[in-house]
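Undergrad: Okay, handing you the structure first.
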Amino acid sequence: MTNKPPAEPDPRDDGMKETIRTVIYAMIIALVIRTLAFEPFNIPSSSMVPTLLIGDFLFVSKYEYGYGSVGTFWSMPAFSGRLFGHEPKRGDVVVFKLPRDNATDYIKRLIGLPGDTIQMRHGILYINGTPVERERLAAPISERGNPPPENATDYLEHLPGGVTHIIRKLGDDQPLDNTDVFTVPSHHYFFMGDNRDNSQDSRTKNVGYVSEGNLVGKAEFLFFSLDEHAHFWEFWKWPWAVRIHRLFNKIT
């Protein structure tokens, strides 16, 4: 009886295995980058207008402030503080997890550091008892697809430490324009939206003080932006909807 020679391996099998390995490696690399380096976010609300608009897409650096147990390592047991942590700076635009559920992502500007006192008086921001200087712009900033309200006024706000940014006000007697004095606890931060009269932030019970463990990362730059008449998946609208002048802008 004649023995049959062993069958030659099918090269298609090797090609399929190599493709699967490549896909798995790519997924692992992407997961590591998203977890430890950069994570994309999109802006769904107007609380940071005029700095950030609905339809903006941005990258957040996860390593800038180190790593907390909330929003970085998912189901790992909670731990206090941050690994490889660096102190955030006043004026940074930060993504954090909402304290009341530790799951919802918010993006706001860092106004109060641990130990600071924060108060709003007749629309003016006070930090440690000193009013923050603001300069009225000649006209509010207008973007295609996102015109300002008729009663909007934009100001340059000069925060202690040197950060200057634009805020939007609808008047100086709005519901959050006169507050009690907030004293920021140790290892916590106080955030406010640049659209001061249209922002759920640390002035409200819905947000309050944000623990250092809830910080996700620093908003770095925009990589894409669509006006409000188009969704990301509606690529056929991109030629008319993309805000080209906002692409790759650094967030300040």
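Undergrad: Check which residues have an amide H placed less than 5 Å from Glu133's amide H, if you skip close sequence neighbours.
TA: Result for Glu133 returns His158.
Undergrad: I would also like to ask the following. Under a point spin-label approximation (7 Å from Cα along Cα-to-Cβ), what is the Asn102-Thr204 distance to one decimal in nm?
TA: 2.3 nm
Undergrad: If you take all C-alpha pairs in the range 88-156, what percent of them are over 18 Å apart?
TA: 59 percent
Undergrad: Right, here's the next one. Which value results for Rg/Rh of the range 110-252 when Rg is the Cα radius of gyration and Rh the Kirkwood radius based on the inverse mean 1/r?
TA: With Rh from the inverse mean 1/r over Cα pairs, Rg/Rh is 1.01.
Undergrad: For the range 204-252, which semi-axes, largest first and in whole Å, follow from the square roots of 5 times the eigenvalues of its Cα gyration tensor?
TA: Here the semi-axes work out to 31, 15, 9 Å.
Undergrad: Amide H of Arg196: which non-local residues (sequence gap of 5 or more, or other chain) have their own amide H closer than 5 Å, using H built in the peptide plane?
TA: When sequence neighbours closer than 5 places are left aside, the close amide H contacts are Arg168.
Undergrad: Right, something else. If you filter the range 143-209 for GluC sites (Glu not before Pro), then keep DSSP loop positions with at most 11 other Cβ within 10 Å, what is left?
TA: Listed in order of number, the matching sites are Glu150.
Undergrad: Still on this structure: Please list Asp177, Asp101 from largest to smallest accessible area, probe radius 1.4 Å, with all protein chains kept in place.
TA: Most to least solvent-accessible, the answer reads Asp101, Asp177.
Undergrad: Pull out the extension gain between Gln174 and His229, defined as 0.36 nm times the separation in residues minus the alpha carbon to alpha carbon distance; nm, one decimal.
TA: Full extension of this stretch gives 16.9 nm more.
Undergrad: Can you tally the net charge around Pro148? Count Lys and Arg as +1, Asp and Glu as -1, for every other residue whose Cβ sits under 13 Å from the Cβ of Pro148.
TA: For residues surrounding Pro148, the net value is -2.
Undergrad: Probe 1.4 Å, all protein chains in place: accessible area of His122 in Å², nearest 10?
TA: 130 Å²
Undergrad: Which whole-Hz couplings ³J(HN,Hα) result when phi for each residue of the range 164-175 is put into the Karplus expression 6.51 cos²θ - 1.76 cosθ + 1.60, θ = phi - 60°, listed in order with x for Gly and Pro?
TA: Along the range 164-175, the couplings run 10, 8, 9, 10, 10, 10, 10, x, 10, 9, 7, x Hz.
Undergrad: Keeping all protein chains in the complex and leaving out DNA, RNA and ligands, what accessible area do you get for Phe223 with a 1.4 Å probe, in Å² to the nearest 10?
TA: Accessible area of Phe223: about 50 Å².
Undergrad: Still on this structure, please answer the following. What aspartates and glutamates sit close enough to Lys205 to cross-link, taking a C-alpha to C-alpha distance under 14 Å and skipping anything fewer than 8 places away on the same chain?
TA: Excluding near neighbours in sequence, the set is Asp101, Asp180.
Undergrad: Would you kindly derive the ³J(HN,Hα) couplings of the range 48-53 from the backbone phi angles with the Karplus curve 6.51 cos²θ - 1.76 cosθ + 1.60 (θ = phi - 60°), listing them in order in whole Hz, with x for Gly and Pro?
TA: With the stated coefficients, the range 48-53 comes to 10, 4, x, 5, 10, 10 Hz.
Undergrad: May I pose another question? What does the charge count around Gly55 come to, taking other residues whose C-beta lies under 13 Å from its C-beta (Lys +1, Arg +1, Asp -1, Glu -1)?
TA: The answer is -1.
Undergrad: I've got another one for you. If Trp240, Trp233 are ordered by their accessible area, calculated over protein heavy atoms with a 1.4 Å probe, which sequence runs from highest to lowest?
TA: The most accessible residue leads, giving Trp240, Trp233.
Undergrad: Tell me the chymotrypsin sites (Phe, Trp or Tyr not before Pro) within the range 84-123 that lie in a loop according to DSSP and have at most 13 other beta-carbon atoms within 10 Å.
TA: Phe84
Undergrad: Net charge around Leu247, counting only other residues with Cβ within less than 15 Å of its Cβ (Lys, Arg = +1; Asp, Glu = -1)?
TA: 0
The values are calculated or read from the model by the stated rules, or taken from the named source; none is laboratory data. Fair warning: this is a prediction, and the values are worked out from it, not measured in the lab. Every residue, glycine as well, gets a Cβ built from its backbone with ideal geometry; the counts of neighbours run over all protein chains shown. Accessible surface is based on the protein model in full, side chains and every heavy atom, while ligands, DNA and RNA are left aside. Shrake-Rupley method; radii C 1.70, N 1.55, O 1.52, S 1.80 Å.
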